1. What dipole magnitude, in Debye to the nearest 20, does the chain give about its Cα centre under +1 on Lys/Arg Cβ and -1 on Asp/Glu Cβ?
2. Put +1 on the Cβ of every Lys and Arg and -1 on every Asp and Glu Cβ in the chain; which of HIS65, ALA49, THR18 then has its Cα farthest towards the positive end of the dipole?
3. So how tilted is helix 29-58 from the main axis of the chain? Cα-based, degrees 0 to 90, rounded to 10.
4. For the chain, what are Rg and Dmax over the alpha carbons, in angstrom?
5. Working from Cα positions, state the angle (0 to 90°, nearest 10) between the long axis of helix 2-16 and the longest principal axis of the chain.
6. Quickly rank 27-36, 53-62 as a protection proxy: mean count of other C-beta atoms within 10 Å, highest first.
7. Between ALA7 and VAL56, what is the FRET efficiency for a Förster distance of 30 Å, r being their Cβ-Cβ separation, to the nearest 0.05?
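Laboratory data are not the source of any read-out in this text; all were calculated from the coordinates shown. Values in this document were obtained by computation on a predicted structure and should not be read as measured data. Counting neighbours? That spans all protein chains shown, and the Cβs are built from the backbone with ideal geometry, glycine included.
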Amino acid sequence: MVFSWIAETISVERWEGTLEYTMMAPIRRWAQLLGSVLYAMVYGLIHTAAILVVLVLFFPQLDVHGRTR
């Protein structure tokens, strides 16, 4: 999810013609990359949690607690 988000962000910025401006921003590259990675990780966790909630709501018969019988 993280790599997909970063690749999509770069693709959109290339398409919009703003990639050069992003690279010339007065911020260190590691800080920009770290911010993108953290945002993608939080987004991925929220997305995963939402999918799990919907899964539990629509399929209550599934055992999501990891217990074996």
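1. 320
2. The residue sitting most towards the positive pole is HIS65.
3. So the inclination is approximately 20 degrees.
4. Radius of gyration, then largest Cα-Cα span, for the chain: 18.2, 58 Å.
5. Helix 2-16 and the main axis of the chain meet at about 40 degrees.
6. Top to bottom by mean Cβ count within 10 Å: 27-36, 53-62.
7. The value I calculate is 0.45.
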